[in-house]
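Worksheet: one structure, shown below.
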Amino acid sequence: MDQQPVERTEAWFVRHGAKAVFFGRTVPIFRSLISVPAGVERMPLPAFLVFTTLGSAVWNTAFVLAGYALGDNWEEVTGYVSVYSKAVLLVAAAAVLAFVGVRLFRPGRGARRGTR
């Protein structure tokens, strides 16, 4: 396996881990996934908890304010939320498929580097 992309990803998380956790907590699907790279890179627990709390507070505050503003009309929004959720799911699925496709069909996939 080519280690260069893994090393670049690790270096990126070292530089941007705090922002990644904070903003990751405000994006559906990534809310759960952002914990994995934070754990792999051994992000200090106090920093992880602070950025998780702040990011989750932003996300939850947006929903509380939206619910307050909508009041009894909250049901009108369910159609929009449904479309938004499906769009996010489609984008995530397309990204996964693209990643898998690139990994499976890139040239030179069968060649080994080095020996065992």
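The values are calculated or read from the model by the stated rules, or taken from the named source; none is laboratory data. Everything numeric in this text was worked out from a predicted model, so none of it was measured. Positions of Cβ are backbone-derived with ideal geometry, glycine not excepted, and every protein chain shown enters the neighbour counts.
Things worth noting here:
- Residue within the stretch 60-70 that is surrounded by 11 or more Cβ atoms within 10 Å (Cβ to Cβ), at pLDDT 80 or above, closer than 25 Å to His16 by Cα and in contact with a helix residue (DSSP H, G or I) (Cβ under 8 Å, 6 or more places away or on another chain) present: no
- Pair list, Cβ < 8 Å and 6+ apart or interchain, from the stretch 80-107 residues that are modelled with pLDDT of 75 or more to residues that are among the β-branched types (Val, Ile, Thr) and surrounded by fewer than 10 Cβ atoms within 10 Å (Cβ to Cβ): none
- First in the stretch 9-27 and farther than 28 Å from Phe63 by Cβ, second anywhere and of a type in the set (Val, Ile, Thr), Cβ under 9 Å, 6 or more apart: Glu10/Val40
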